[in-house]
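The values are calculated or read from the model by the stated rules, or taken from the named source; none is laboratory data. A quick note: this is a predicted structure, and the numbers were derived from the prediction, not measured. Virtual Cβ from ideal backbone geometry, glycine too; neighbours counted across all protein chains shown. Side chains included, ligands, DNA and RNA excluded: accessible areas come from the protein's heavy atoms. Shrake-Rupley method; radii C 1.70, N 1.55, O 1.52, S 1.80 Å.
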Amino acid sequence: MKITTIIACCVFLALNSTAQTTNPNYDSTLAKNLGADEFGMKMYTMVILKTGTNTTESKESKDTLFAGHLANIGRLADLKKLVIAGPFGKNDKNFRGIFILDVANEAEALALLESDPAIKAKLLQPELYPWYGSAAISEYLKSHDKIWKAKP
């Protein structure tokens, strides 16, 4: 009898430890609109922007290309294709910045990156990686638009 009870308890504990918890705050409409899977996640393309091979541009040309780069970031954000962008601090890897793109595949990501003047001029070199993250990361953009005081 004790062995049967111990086995039953072990089975009960094993079954309960692998059971999933249902979120009481789950919003199926929001999840669907954001493209979330059952875990609230989705695939993105992460782009690491590294220093490119073009070192021959004049300062004026670089300034113009990087102004176009910043304008393109805004354009892609407005299209809701770019959900995260920002520069890295100084590092020994030649990492310059990061993009998280909300795209269906790598080909779409590459097409968007070709619209960036600094990438096109090879001042920046993109490296692409599939990335699985929260489907809600794009929601922060609504708040971000309310907290910046001046554009760079």
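Evaluation of residue 52 against the conditions (1) more than 30 Å from residue 31 (Cβ to Cβ); (2) surrounded by fewer than 17 Cβ atoms within 10 Å (Cβ to Cβ) shows that the sole unmet condition is (2).
Looking across the range 109-138, the residues that are in contact with a strand residue (DSSP E or B) (Cβ under 9 Å, 6 or more places away or on another chain), in contact (Cβ under 8 Å) with a residue 40 or more places away in the chain and part of a helix (DSSP H, G or I) come down to 109, 113, 118, 119, 137, 138. Residues in the range 105-118 that are buried (at least 19 other Cβ atoms within 10 Å of the Cβ) and under 15 Å from the mean Cα position of the chain (by Cα): 109, 112, 113. Please give the number of the condition residue 147 fails out of (1) closer than 26 Å to residue 33 by Cβ; (2) aliphatic (A, V, I, L, M); (3) part of a helix (DSSP H, G or I); (4) out of contact with any Phe, Trp or Tyr (no Cβ under 9 Å at 6 or more places or on another chain). If we test residue 147 against (1) closer than 26 Å to residue 33 by Cβ; (2) aliphatic (A, V, I, L, M); (3) part of a helix (DSSP H, G or I); (4) out of contact with any Phe, Trp or Tyr (no Cβ under 9 Å at 6 or more places or on another chain), just (3) comes out false. Considering the range 122-152 alone, what residues qualify as being farther than 18 Å from residue 49 by Cβ and hydrophobic (A, V, I, L, M, F, W, C)? Passing the criteria: 135, 136, 137, 141, 147, 148, 150. Screening the range 59-89 for residues that are in contact (Cβ under 8 Å) with a residue 24 or more places away in the chain and part of a loop (DSSP other than H, G, I, E, B) and picking the one that is surrounded by the fewest Cβ atoms within 10 Å (Cβ to Cβ) gives 80. Apart from one condition, residue 102 fits all of (1) acidic (Asp, Glu); (2) within 25 Å of residue 30 (Cβ to Cβ); (3) surrounded by fewer than 17 Cβ atoms within 10 Å (Cβ to Cβ); (4) under 16 Å from the mean Cα position of the chain (by Cα); the exception is (3). Taking the stated definitions as given, is residue 140 modelled with pLDDT under 95, open to solvent by 40 Å² or more (accessible area, probe 1.4 Å) and closer than 30 Å to residue 37 by Cβ? Considered against the rule, which asks whether it is modelled with pLDDT under 95, open to solvent by 40 Å² or more (accessible area, probe 1.4 Å) and closer than 30 Å to residue 37 by Cβ, residue 140 comes out as yes.
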